[in-house]
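A.B. asks: Attaching a single structure in structure tokens format; questions to follow.
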Amino acid sequence: MVWGFESPPAHQTVSYQSRLRVQIMAVTVETLDKLERRITLSLAADVLKNEVDARLKKLARTVKADGFRPGKVPMNVVAQRYGYSVQYEVLNDKLGEAFAKAATEANLRVAGAPSIAEKQGEPVDGQVQFDATFEVYPEVSIGDLSTVEIERVNADVNDAAIDRTIEILRKQRRTFAQRPAAEAAADGDRVTIDFEGKIDGVPFDGGKAEGFQFLLGEGQMLEAFEKAVRGMKAGESKTFPLKFPDDYHGKDVAGKEADFLVTVQKIEAQNLPEVNEEFIKSLGLADGSLDTLRADIKKNLAREVKFRVAARNKAAALEGLLTVVNFDLPKSLIDAETERLLEGARADLKARGIKDAEKAPIPAEMFKPQAERRVRLGLTVAELVKTNNLQAKPEQLQAHIEELSQSYEQPAQVVAWYMSDRQRMAEVEAVVIESNVAEFILSKAKVADKTLGFEELMGQQAA
């Protein structure tokens, strides 16, 4: 439905008379609510009829109908078949033009699409009048940023972080060899098991598997499950109780206690490669030097730390910004953002393989607080950028793309990939602008610096 205008009944005929004279010289704007406005649009009726007639004549040149040659269909037949749809199209086009001119004349910043309906009351001779109801953007007033308190974090890459990364690289290239039957399962082993769980003596979905493999001691299973398997030998069976956490992802079993029967089929010990020249060369470092490996790891980790620190500080700065703004939000923008979040949730469910995800009964209301926050933040950031000249500069865009490209084997190709696509460049521009805004906020706010450990920043626990 174009411009929110409700189409007339199909039987309604075109009966407009006179030239189009849009009345916008003195636009009267009526305030209905904080951000809701209404204006009246007046269209001269005969120009609507003339435009409809012109479009029908043009259509008649190509329209086909049984019993007539192409281009020879009588106008009354064309009007009967297509008059309603052409009238609706013309009316929407002209209302769109009229509304745009009126909004410009009245210096209105319209938020969302207007809802347009035929004006009630006495008709004006030769005119067709409509009421356009819409919302306007709010006046965004930003408070004193010097009163905002923000914690700014920083972190360094230390030797422990490099050592941890080397261990991860070793584990990624480990091999496994079957343990002798007399040896018990220990942390680091790969165990193959059969298991079956029951709650109150009844099996439950997902509670049974055969030939199931997992790495003991690496958190792939619940701790109670790993504790039960640790120390078992190949061929042994054991029954043990296990209480599922209250927040367990499987809602049917969350918070409940089950009895598991587990049988160990096979235990394999891990063999980690030595950190030698051969291992280092397998990572793509031609000289096979440990110093080169550590330097390369430190460079990559430093880049990741930089991005994570920047993201965390940006989030803190934007959160601080929201504490000094307070203005009404257009309902139309909140509704549109809510719908985007809802569609994103459905797309995520579909990507996870959920059947009929697009029809999932997800209540839109659950996304409203997030939508309101995003709309408020978007309007505030836009105002801050405009008033403080925080737009992304070409050299900033280039520097950001080049920094991103350093994570890849062929940086030049990555740079070209970004530069060749408008959408990708728009995404880069948005990131740079947010960084500019964050730096501006931090330069004005009360900032307390805090040094984080590498593991804390990366969201990991030390090994």
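The values are calculated or read from the model by the stated rules, or taken from the named source; none is laboratory data. Bear in mind that the values here come from a model prediction, so they are computed numbers and not experimental data. Every residue, glycine among them, receives a Cβ derived from its backbone with ideal geometry; neighbour counts consider all protein chains shown. These area figures cover heavy atoms from the full protein model, side chains too; ligands, DNA and RNA do not enter into them. Shrake-Rupley method; radii C 1.70, N 1.55, O 1.52, S 1.80 Å.
A.B. asks: Can you tell me, using C-alpha contacts under 8 Å and at least 6 residues apart, the relative contact order of segment 34-81 as a whole percent?
C.D. replies: Reported relative contact order: 26 percent.
A.B. asks: Something else now. Please get the size of the charge dipole for segment 350-463, origin at its Cα centre, with Cβ charges of +1 on Lys and Arg and -1 on Asp and Glu, quoted in debye to the nearest 20.
C.D. replies: Approximately 580 debye in magnitude.
A.B. asks: On average, how much accessible surface per residue is there in the chain, in Å², for a 1.4 Å probe, leaving out ligands, DNA and RNA?
C.D. replies: 60
A.B. asks: Let me have the 222 nm mean residue ellipticity of the chain computed from DSSP H runs of 4+ only, each contributing -39500 (n - 2.57), with the sum over all residues rounded to the nearest 500.
C.D. replies: -14500 deg cm²/dmol
A.B. asks: With only Lys, Arg, Asp and Glu charged, each at its Cβ (+1 for the first two, -1 for the last two), find how big the charge dipole of segment 321-391 is about the Cα centre; round to the nearest 20 debye.
C.D. replies: I would put it at about 200 debye.
A.B. asks: A follow-up question, please. With +1 on each Lys and Arg Cβ and -1 on each Asp and Glu Cβ, and nothing else charged, work out how big the dipole of the chain is about its Cα centre, in Debye to the nearest 20.
C.D. replies: That gives the chain a dipole magnitude of about 1620 debye.
A.B. asks: Can you give the accessible area of Glu319, probe radius 1.4 Å, in Å² rounded to 10?
C.D. replies: Rounded to the nearest 10, the figure is 90 Å².
A.B. asks: How would you classify segment 78-148 from its alpha-carbon gyration tensor, with a ≥ b ≥ c the square roots of the eigenvalues: rounded for a/c under 1.5, else prolate if a/b is greater than b/c, otherwise oblate?
C.D. replies: It comes out prolate by the Cα gyration axes.
A.B. asks: Can you quote the Å³ per residue value for the convex hull of the Cα atoms in the chain, rounded to an integer?
C.D. replies: Details: hull volume 134.1 nm³, N = 463.
Cα convex hull per residue, to the nearest whole number: 290 Å³.
A.B. asks: Turning to a different aspect of this structure: Which residue, Tyr84, Leu216, Gln413, has the largest displacement toward the positive end of the dipole of the chain when charges sit on each Cβ (Lys, Arg +1; Asp, Glu -1)?
C.D. replies: The Cα lying farthest towards the positive end belongs to Tyr84.
A.B. asks: How much of Phe204 can a 1.4 Å solvent probe reach, expressed as accessible area in Å² and rounded to 10?
C.D. replies: Rounded to the nearest 10, that gives 40 Å².
A.B. asks: Another question, then. Please state the relative contact order of the chain as a whole percent: Cα pairs under 8 Å, 6+ residues apart?
C.D. replies: 17
A.B. asks: Ignoring ligands and nucleic acids, what accessible area does Tyr82 show with a 1.4 Å probe (Å², nearest 10)?
C.D. replies: Per-residue accessible area (Tyr82): approximately 80 Å².
A.B. asks: While we're looking at this one, here's another question. From the residues Ala345, Ala438, Gly207, which one has its Cα farthest along the dipole of the chain in the positive direction, the dipole being from +1 and -1 charges on Cβ of Lys/Arg and Asp/Glu about the Cα centre?
C.D. replies: The residue sitting farthest along the positive end of the dipole is Ala345.
A.B. asks: Share of the chain's accessible area from carbon and sulfur, percent, 1.4 Å?
C.D. replies: 49
A.B. asks: Checking the table Lys298/Lys386; Lys233/Lys256; Lys94/Lys368; Lys227/Lys298; Lys251/Lys306; Lys393/Lys450 against a 32 Å threshold on Cα-Cα, which pairs fail? Before the final figure, lay out each step's value.
C.D. replies: Values: Lys298/Lys386 39 Å; Lys233/Lys256 28 Å; Lys94/Lys368 35 Å; Lys227/Lys298 36 Å; Lys251/Lys306 38 Å; Lys393/Lys450 30 Å.
Correct reply: Lys298/Lys386; Lys94/Lys368; Lys227/Lys298; Lys251/Lys306.
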